[in-house]
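Have a look at the structure below before the remarks.
The values are calculated or read from the model by the stated rules, or taken from the named source; none is laboratory data. Only a predicted model underlies this, so the values are computations on that prediction, with no experimental measurement involved. For neighbour counting, all protein chains shown are included, and Cβ atoms are generated from backbone atoms with ideal geometry for every residue, glycine included. Accessible surface areas use protein heavy atoms only, side chains included; no ligands, DNA or RNA. Shrake-Rupley method; radii C 1.70, N 1.55, O 1.52, S 1.80 Å.
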Amino acid sequence: MVLASLSTGVIARIMHGEVVDGPVLQILAIKKINSAADSERYRILISDGKYFNSYAMLASQLNVMQHNGELEEFTIVQLDKYVTSLVGKDGAGKRVLIISELTVVNPGAEVKSKIGEPVTYENAAKQDLAPKAAAPSNSKPVAKKEPGHNNNNNVVMNSSINSGMTHPISSLSPYQNKWVIKARVTSKSGIRTWSNARGEGKLFSMDLMDESGEIRATAFKEQCDKFFDLIQVDSVYYISKCQLKPANKQYSSLNNAYEMTFSGETVVQLCDDTDDDPIPEIKYNLIPISDVSGMENKAAVDTIGICKEVGELQSFVARTTNKEFKKREITLVDMSNSAISLTLWGDEAVNFDGHVQPVILVKGSRINEFNGGKSLSLGGGSIMKINPDIPEAHKLRGWFDNGGGDNVANMVSARTGGGNFSTEWMTLKDARARNLGSGDKPDYFQCKAVVHIVKQENAFYRACPQSDCNKKVVDEGNDQFRCEKCNALFPNFKYRLLINMSIGDWTSNRWVSSFNEVGEQLLGHTSQEVGEALENDPAKAEQIFSALNFTSHIFKLRCKNEVFGDMTRNKLTVQSVAPINHKEYNKHLLKELKELTGIGPSN
DNA sequence: CCCCCCCC
């Protein structure tokens, strides 16, 4: 076994500001810093064999290495990426080493002992330091200063910027307020107003990130107006003089025990030296839309797709909070031949122009699962980019403009109840033979079938006229109708359809039930029209119902055993009907043929 | 000081 040589004496040079590529060092100890819960930080005692530094910290993305036991005592590591930064009051505090990327060269178990007799670098001999007066590590020439906001003689801010000495986000706490951070905005909310018992106002919030960590910041009222336009996602800013307070973890998934609030003292200054900047870029973990099917409900998703369809802007009042919301649902497609619904909110929904079918990138969108379909929703901390200038976007554009989105096979948001995949094709005979519906949960399948018989008897009922109640009403006479669910009398009612019909495919036939919306779609008339015809105009009703006979459709069916007394019946309910897409259906038939015969196209 | 992002 060969142990790597340590970069002897290098810690003194690094800590005096020299930039050294890939120093090889030994971990002598690692311990968790006593900080508030939920913000996990590790401090390291690290040595180059001659000097040690006990003020080294692990950037949080490396915590996992410690969890995996890769950073035990005596481990030899190479630092692939690190910065030094000042913490403490007025820049007079400690300089810390923050390690954001490292490679294990020799595991601690192999090395087994401390190398050399290191002493603190603060006593380093002159010859170990860089020959010329070394610049602090962050002190690349700072770009020309923008006129800062509230930047009147801000000594701390200016001296920090001029010296290149900023504080790592992970070092911020409520106990010390002389700091300047240099951070990238990773997301920014819209302006939101509130009004409650304690008052009213407006605010916006943003997420900030640097090499060491991340933090949420919120600007209220005056600060909201003052800073909203200045703050832009992806830009880097110097920020100082905010209030810090414990983060309410209920509302934030950021890895920080604290959050900050802008105050009247807060100073924000755009930093435009982005091309040679130690602040990391926002990372997008883009996944194919098809992958969303297999992910957990509420999980965060970064993805990119073409906006193939745009829904109308919708307004509604949330039933629980009585707040009004605006939303718009759009459909994204990508090269996994999959489509998914994405919900935009507020101004983003109002201002969205989808008719040009732009490329849409989302970061941190949330999965909402309903009846087996999964859709995405933008929320706090998520961002959307329209036509981002990245290779993935150009690739998608080319794919889509050449007809790529024409044959989307996998509807990730389709409500099949069937779980992770598109609804399985099955014949009516196989559905029986395979005892579908006998489990705890319903089964779902689809088949192509023709309508044989449609029952007119009991094809409708009179329902409560309230929009969110479909309960059958009791005719009280005198044109009064009682809803027992709403416990109210109404002078009117609405018709609801409940169509029973026999459908058949080439293997078998079955009775199926269709509820209101599917019934309207099949009959091509509103429930009101159908109900009135059945009650008052038998000839019209006959015309409406017979038009459905011998028509073929793709039926998505829900199959479940239902118990009535001591009888168990296997019941089929039509979830949705669609016209036969012959291209799609033939694809399915070819696949079946290939499975039966082994002959056919490769996919 | 917000912390809402529904419904089906």
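A few points about this structure:
- Residue match in the range A:480-490 (condition: farther than 26 Å from A:Arg319 by Cβ and more than 38 Å from the chain's Cα centre (by Cα)): yes
- So A:Asn407, is it over 27 Å from A:Glu296 (Cβ atoms), of a type outside the set (Asp, Glu) and at pLDDT below 90: yes
- Which listed residue, of A:Ile282, A:Ile287, is away from DNA strand B (no atom under 16 Å from the Cβ), open to solvent by less than 60 Å² (accessible area, probe 1.4 Å), out of contact with any Asp or Glu (no Cβ under 6 Å at 6 or more places or on another chain) and over 24 Å from A:Gln357 (Cα atoms): A:Ile282
- Count - residues of the range A:209-221 that are open to solvent by less than 30 Å² (accessible area, probe 1.4 Å) and either over 17 Å from A:Ser263 (Cα atoms) or near DNA strand B (Cβ under 8 Å from one of its atoms) (or both): 5
- When residues of the range A:318-361 are limited to those that are within 16 Å of A:Ser375 (Cα to Cα) and acidic (Asp, Glu), the one nearest to DNA strand B (Cβ to nearest atom): A:Glu329
- Residues that are surrounded by fewer than 15 Cβ atoms within 10 Å (Cβ to Cβ) and in contact with a His (Cβ under 9 Å, 6 or more places away or on another chain) within the range A:548-603 comprise A:Asn549, A:Phe550, A:Ala578, A:Pro579, A:Ile580, listed in sequence order.
- Output for the range A:369-387, where each listed residue is open to solvent by less than 60 Å² (accessible area, probe 1.4 Å), free of Cβ contacts under 8 Å to residues at least 40 places away in the same chain and away from DNA strand B (no atom under 11 Å from the Cβ): A:Lys385
- The range A:177-208: number of residues that are more than 9 Å from DNA strand B (Cβ to nearest atom), under 27 Å from A:Tyr284 (Cβ atoms) and touching a helix residue (DSSP H, G or I) at 6+ places or on another chain (Cβ under 7 Å): 4
- Positions within the range A:461-513 being within 26 Å of A:Phe555 (Cβ to Cβ) and in contact with a Cys (Cβ under 7 Å, 6 or more places away or on another chain), in sequence order: A:Asn470, A:Asp505
- Pairs, first in contact (Cβ under 8 Å) with a residue 24 or more places away in the chain in the range A:307-323, second open to solvent by 100 Å² or more (accessible area, probe 1.4 Å) and part of a loop (DSSP other than H, G, I, E, B), C-beta under 7 Å, six or more apart: A:Val310/A:His355
- Among the conditions (1) assigned by the TED database to the domain that holds A:Asp389; (2) in a strand (DSSP E or B); (3) within 10 Å of DNA strand B (Cβ to nearest atom), the only one that A:Lys298 does not satisfy is (2).
- Filtered by the rule that a residue be among the aromatic types (Phe, Trp, Tyr) and within 15 Å of A:Ala299 (Cα to Cα), the range A:323-378 gives a lone residue, A:Phe370.
- The range A:353-368, subset in contact with a Lys or Arg (Cβ under 9 Å, 6 or more places away or on another chain) and open to solvent by 20 Å² or more (accessible area, probe 1.4 Å), residue farthest from A:Ile191 (Cα to Cα): A:Gln357
- Any hit, the range A:222-235, residues being assigned to a strand (DSSP E or B) and within 16 Å of DNA strand B (Cβ to nearest atom): no
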